[in-house]
Each structure stands twice: as C-alpha cells, then as structure tokens.
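Presented below is the structure to which this report refers.
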C-alpha cells in the first residue's frame, strides 16, 4: 500500500483551490482539474454540460467505483447593472447573519476577465428554493458591471499554517483535489481496480450536475458511487482523519458501497504508519450521494471535516476561509484509493467471515437448550 506524498497533494490542492468558482460559473475550476488530469496522463472528457470525467483501470477488477466531487461553491451572480452599481443574487447556502456589514468580493466574468473588486451591501432575504438562492445584495464595483458577471468572497484562496489549510472554497475544491490526488496514487497501483471520476457542476443550487449524471445513466449502472465532500466539522472532529459518511441530512447511504471503504479503513489502521479515519453520520447538509441513492444507485461518501463550513465561523458576524486539515486530506486520499482497490477485489471486512455462517456447534447448543426448556 502506497501512501500519498504531502508535497504532491499540496501542489494539486493549490492548483485547483486557487480558482474562483460559483454555481453555473465553474469553468476556471474545471479547466484546472482537466489540466491536472492531463498532467497525470489521464484521459479527459466533457459532457454536453461541461462536466469533466476520466477513468483509470488496472487488471480485472470485480467491482467498479466512481468518485464524484462538485466544482462550485456558494457565491454571487450579477442580475442587474448600471455602470458601477448593480444587484446580485446570493447562490448557495450562505448565512444571512454574515451580511450585516459590507462584504468584500472579487468580480469575474466567463470570458476570463477579472478580478475586479466590489462591495456588497443591503442584503435582502428573498428565498428561491428551486435555486437555493437565499436573497439579493446591492453591489458597488471599481469598474463597470454587466449582467452575467459573478463574484466570490474576497478571501485567501489557499493558505497553509502547519496542519491547517485555509481555503476560500474547501467545499468542494478540496474534494476535487482529493479525487485527483487519489487518481495519481492509483497510477502506480499494481492491484486491480476500475475507477471513474466525475467533476460536477451546480451542486450548491440543487445537486444539478450529479442529478444529470444519475438521470442520464452517464456511469455504468453497477458502478458504486462515492461522493467526495468537505463537510461541516460540527459533526466530525477535524484532525481525526477523513470521514466515511454513512448518510447526510436526508438519506442513509448504501451499505453495499460503503463496505469497501470500511475494508480500506481496516487496512489503513494496520498500515505503517497507521492512517486515521472516522465513520460518521454527517447530518449537516445534503451531498451528491443522495442524488444517486434517490435514483436507485448504490452510493456512499467520504468527507473532509470542514471548519467554518460555507465560510461561516461559529459565533462570528463576518465571512472567513474554510479550514481543512492536511492530515485529513492525506487520510482521504489514501482511503479513497484503497477503497477502490477493495472494490476491485470484492473484499470483505475482517468481522464478516466470522458472522457469515452460524457454526454448527452453536446451532446444536441452541437446539439442546431449547429442548431442555421444554421438558
């Protein structure tokens, strides 16, 4: 078993997480992901919606898996403009309490322009459930605005402080980087596996990209789907390893898919040095595994514990970088890669052979004790 290289993982994370992204405007992130896949010598395909996919296989695996991660993060879209003033809608689950003071943003467009600095004020609650849009703000910019531009929070895109990785959009660019690094780890893996990877769009506004993949059958139907997220650390402590996710706010996931991750956990526990992981029900949101589970797929997930989830520090009234731990990132890379190998082997957990069939002596014991009770 190979473990991930810290420098390589950090370089991949920085290359991907440094890109600005919001729902419907993920092209910069998708381009960075495609470049990383190409650097690894992996094929890159795009569907008609711009979502990126690849596949890597070895030998004759018994089960295939798909790593799924989304490329957007909550942000802002310009819906009205008059010179340097305008209006934006807030896309994704940002907290209304954080708009009490002016909010600094960086403004981009889909043609490659930006950033231009801007300021958001006058937040108005106007919930659009179908788009997961919570409201609108006034925007003032340093340059002339136009409808269709978009903005991200003016926060550091990537900073490291010891084990802490401070990101503008850990959810889910850290998840995307984790997937790419797991694919890199698998390139030199001699054991059998079959891995698809899909990098989706518009998760924050309704799991739309993942739902398209599931609805259109873009993956083979017997593929086991593994959603990769950076999820609220309230439900799993940061620094204790990547999380095998048993479910989310709305759904319990598939045991059939999860058991290979549990096999991977056992193997990582016994590695030298041991790799820490966790298993939790993370009820802090709805992830892309739910899109597949609800449409009948065998799906599960892993997650990085994410401090300041959706840029919202506990008890604060200002936006802040999301924080994931480098140790958790490396744990997640190893967990995902080893889970793919376990699926390729159709491996079973350590406890299951002992529980698969009741020993004949136990059957006899139960029969005798029951017979005595009837005398």
> Does residue 105 meet the test of being part of a loop (DSSP other than H, G, I, E, B) and in contact (Cβ under 8 Å) with a residue 12 or more places away in the chain?
Replying inline: no
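Listed here are the residues, each with its yes/no results for (1) outside the structural domain of residue 224 (by TED's automatic domain parsing); (2) surrounded by fewer than 23 Cβ atoms within 10 Å (Cβ to Cβ); (3) closer than 20 Å to residue 94 by Cα; (4) in contact with a strand residue (DSSP E or B) (Cβ under 7 Å, 6 or more places away or on another chain).
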| position | (1), (2), (3), (4) |
| --- | --- |
| 175 | no, no, yes, yes |
| 179 | no, no, no, yes |
| 188 | no, yes, no, no |
| 192 | no, yes, no, yes |
| 197 | no, no, no, yes |
| 204 | no, no, yes, yes |
> Which ones in the stretch 213-239 are within 16 Å of the chain's Cα centre (by Cα) and farther than 25 Å from residue 344 by Cα?
Replying inline: 230, 231, 232, 233, 235, 236, 238
> Considering only the stretch 252-271, how many residues are farther than 15 Å from residue 339 by Cα and either buried (at least 17 other Cβ atoms within 10 Å of the Cβ) or in contact (Cβ under 8 Å) with a residue 60 or more places away in the chain (or both)?
Replying inline: 1
> With respect to residue 217, is the statement that it is free of Cβ contacts under 8 Å to residues at least 24 places away in the same chain and either touching a helix residue (DSSP H, G or I) at 6+ places or on another chain (Cβ under 6 Å) or over 15 Å from residue 290 (Cα atoms) (or both) true?
Replying inline: yes
> Of the residues that sit in the stretch 1-14 and are out of contact with any strand residue (DSSP E or B) (no Cβ under 9 Å at 6 or more places or on another chain) and crowded, with 17+ Cβ neighbours inside 10 Å, which one is farthest from residue 178 (Cα to Cα)?
Replying inline: 3
>> Go through the stretch 134-152 and report how many residues are at pLDDT 95 or above, surrounded by fewer than 19 Cβ atoms within 10 Å (Cβ to Cβ) and part of a strand (DSSP E or B).
In response: 2
> Just a yes or no: is a residue in the stretch 153-165 farther than 30 Å from residue 242 by Cβ and not in a strand (DSSP E or B)?
Replying inline: no
> Residues 65, 88: which one is crowded, with 22+ Cβ neighbours inside 10 Å and either in the same structural domain as residue 223 (by TED's automatic domain parsing) or out of contact with any strand residue (DSSP E or B) (no Cβ under 8 Å at 6 or more places or on another chain) (or both)?
Replying inline: 65
> Quick one: how many residues across the stretch 63-83 are more than 13 Å from the chain's Cα centre (by Cα), under 22 Å from residue 20 (Cβ atoms) and part of a strand (DSSP E or B)?
Replying inline: 7
>> Please go through (1) more than 16 Å from the chain's Cα centre (by Cα); (2) surrounded by fewer than 17 Cβ atoms within 10 Å (Cβ to Cβ); (3) over 30 Å from residue 96 (Cα atoms) for residue 279 and return the number of the only condition it doesn't satisfy.
In response: (1)
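The values are calculated or read from the model by the stated rules, or taken from the named source; none is laboratory data. Everything numeric here is computed off the predicted structure, so don't read it as measured data. Cβ atoms come from the backbone with ideal geometry, glycine included; neighbour counts cover every protein chain shown.
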